[in-house]
1. Run down Ser68, Ser74, Ser83, Ser158 and say which single residue is out of contact with any Ser or Thr (no Cβ under 8 Å at 6 or more places or on another chain), at pLDDT below 90 and of a type in the set (S, T, N, Q).
2. Select from the stretch 79-91 the residues that are surrounded by 15 or more Cβ atoms within 10 Å (Cβ to Cβ) and small (Gly, Ala, Ser) and list them in ascending order.
3. Please indicate, with yes or no, whether at least one residue in the stretch 85-100 is in contact with a strand residue (DSSP E or B) (Cβ under 8 Å, 6 or more places away or on another chain) and within 24 Å of Gln176 (Cβ to Cβ).
4. Do we find that Glu24 is modelled with pLDDT under 95 and exposed (fewer than 13 other Cβ atoms within 10 Å of the Cβ) in this structure?
5. Could you check the stretch 142-170 and list, in sequence order, the residues that are of a type in the set (Ser, Thr, Tyr) and without any contact (Cβ under 8 Å) to a residue 24 or more places away in the chain?
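The values are calculated or read from the model by the stated rules, or taken from the named source; none is laboratory data. This one's a predicted model, so the numbers in the text were calculated from it and none came from an experiment. All Cβ positions, even for glycine, are placed from backbone atoms using ideal geometry, and neighbour counts span all protein chains on display.
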Amino acid sequence: MKTNIYTTKKLEKFVKKLVRNDGEPEGKSHTLLGDWNAALFYVDRKKCLLFTNKKTKYNVILSNVKASDLSSISEMFKNAFYSQLIYDGIISTYDHIKSLTGDLVFRPTDNDRSTLGFQNHSLANWDWWRDKYVTLEKMPMRELTGRINNVPIKLIKSYKMDDYTYASIEMKKLIQE
């Protein structure tokens, strides 16, 4: 199984050795979780990665990523994803999460405006919440990411208030299928 991670242009420059340009992927991801988008942002001049699931808008943040970490980025993502799930109260085994994600395949940007806009909005919220912490080392990353995952969102276009949901609830539904 493979999970496609579509990178932003800025992130593509940072992880250019990992990005596969072998044409279009054969369909969408072969995993239950579907495709993800990833973006690069900076905190205290340190690189951080924001991963957003396209189906559920669930977020995972990797902080203080260095070029030397890129060889183990897959394991770093799976560990961060698993610990974020635990923090958000979504209980599953690590082996189950590992099987759901499969192999990560980094792809060039797919220009998914909906997900990219959601990521920009999430980062704006995140910046606002993190202002009370002075340095990256003092930031409770799981708590801040958990806040992003528990902001009301709307995944379908409608005008009903009942259609609002939370990314953490949608991810819990998806994992428990």
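1. Answer to the check: Ser158.
2. Selection gives Ala80, Ser83.
3. No, the conditions are met nowhere in the stretch 85-100.
4. Spelling it out, Glu24 is indeed modelled with pLDDT under 95 and exposed (fewer than 13 other Cβ atoms within 10 Å of the Cβ).
5. Hits for the stretch 142-170 are Ser158, Tyr159, Tyr164, Thr165, Tyr166.
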